[in-house]
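Chemist: First the structure, then my questions, so here it is.
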């Protein structure tokens, strides 16, 4: 499948929050010449409004960032989107789908892929294959797939050792424009103490 548009979708707990994970992924992919669009909503937005905007984005790949506050909504959105966009690829990632990948995929057969563990390199490898016209999850660490009801889970990817290369100047410039960041402890650990303290402030 030759993808034209890949979207990273965030559903924040409040309007004033911004999702750090999708920005990490977008920056990482952009540094490797893969464009990823960010679609950001609040769980307080209406379901119809969210699904309409995602549908009108004409995304070939829709990647949802899943947390405890948005998991239920992600499952509802994903199931509905797959019905109206059956040829799209739906990818889930984040803490709320990483701990029990097989059960999540069995209970939600519309999920095409789940990225578990650190997502930057996994997502890059996956997107690169899609861009080249090869939809294959074979040998991509940290990726699980559901093909015609058959679930295959690859091994967990080793953590990135050089964390400095995850932050680009472009990412940092983008960071100052948002009001609040929502980040997992792992994500916070990637920033040095001075930057982390600044990002937690309102700007």
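The values are calculated or read from the model by the stated rules, or taken from the named source; none is laboratory data. Because the structure is predicted, anything quoted here is derived from the model rather than measured. Note: ideal-geometry Cβ built from the backbone for every residue, glycine included; neighbour counts use all protein chains shown.
Chemist: For the list (1) over 20 Å from residue 128 (Cβ atoms); (2) in contact with a strand residue (DSSP E or B) (Cβ under 9 Å, 6 or more places away or on another chain); (3) at pLDDT 90 or above; (4) outside any helix (DSSP H, G or I), I need the number of the one condition that residue 90 fails.
Modeler: For residue 90, the exception is condition (1).
Chemist: Name the residues in segment 101-147 that are in a loop (DSSP other than H, G, I, E, B), at pLDDT 90 or above and either more than 20 Å from residue 23 (Cα to Cα) or out of contact with any helix residue (DSSP H, G or I) (no Cβ under 9 Å at 6 or more places or on another chain) (or both), would you?
Modeler: Filtering segment 101-147 down to residues in a loop (DSSP other than H, G, I, E, B) leaves 108-112, 116-119, 132-142.
Next cut, at pLDDT 90 or above only: 108-112, 116, 140-142.
Answer for segment 101-147, where residues must be in a loop (DSSP other than H, G, I, E, B), at pLDDT 90 or above and either more than 20 Å from residue 23 (Cα to Cα) or out of contact with any helix residue (DSSP H, G or I) (no Cβ under 9 Å at 6 or more places or on another chain) (or both): 108, 109, 110, 111, 112, 140, 141.
Chemist: Is there a residue in segment 148-158 that is in contact (Cβ under 8 Å) with a residue 40 or more places away in the chain, surrounded by fewer than 21 Cβ atoms within 10 Å (Cβ to Cβ), in a loop (DSSP other than H, G, I, E, B) and in contact with a helix residue (DSSP H, G or I) (Cβ under 7 Å, 6 or more places away or on another chain)? Can you show your working first?
Modeler: As a first pass, look at segment 148-158 and keep what is in contact (Cβ under 8 Å) with a residue 40 or more places away in the chain: 149, 151, 153, 156-157.
Those still in the list that are surrounded by fewer than 21 Cβ atoms within 10 Å (Cβ to Cβ) too: 149, 151, 153, 156-157.
Now restrict to residues that are in a loop (DSSP other than H, G, I, E, B): 149, 156-157.
Next, from what is left, pick out any that are in contact with a helix residue (DSSP H, G or I) (Cβ under 7 Å, 6 or more places away or on another chain): 157.
Looking through segment 148-158, at least one residue is in contact (Cβ under 8 Å) with a residue 40 or more places away in the chain, surrounded by fewer than 21 Cβ atoms within 10 Å (Cβ to Cβ), in a loop (DSSP other than H, G, I, E, B) and in contact with a helix residue (DSSP H, G or I) (Cβ under 7 Å, 6 or more places away or on another chain).
Chemist: Shifting gears a bit: Of these, 39, 29, which one is touching a residue at least 40 places away in the same chain (Cβ under 8 Å), under 18 Å from residue 127 (Cβ atoms), surrounded by 14 or more Cβ atoms within 10 Å (Cβ to Cβ) and touching a strand residue (DSSP E or B) at 6+ places or on another chain (Cβ under 9 Å)?
Modeler: Numbers: 39 fails: touching a residue at least 40 places away in the same chain (Cβ under 8 Å).
Exactly one of 39, 29 is touching a residue at least 40 places away in the same chain (Cβ under 8 Å), under 18 Å from residue 127 (Cβ atoms), surrounded by 14 or more Cβ atoms within 10 Å (Cβ to Cβ) and touching a strand residue (DSSP E or B) at 6+ places or on another chain (Cβ under 9 Å), namely 29.
Chemist: How many residues does segment 1-56 contain that are touching a helix residue (DSSP H, G or I) at 6+ places or on another chain (Cβ under 9 Å), modelled with pLDDT under 85 and in a loop (DSSP other than H, G, I, E, B)?
Modeler: The qualifying residues number 3.
Chemist: With the requirement that a residue be surrounded by fewer than 21 Cβ atoms within 10 Å (Cβ to Cβ), in contact with a helix residue (DSSP H, G or I) (Cβ under 9 Å, 6 or more places away or on another chain) and in a loop (DSSP other than H, G, I, E, B), what does segment 70-87 give you?
Modeler: Result: 85, single match.
Chemist: Only one of (1) at pLDDT 85 or above; (2) out of contact with any strand residue (DSSP E or B) (no Cβ under 8 Å at 6 or more places or on another chain) is not met by residue 159, so which one is it?
Modeler: (1)
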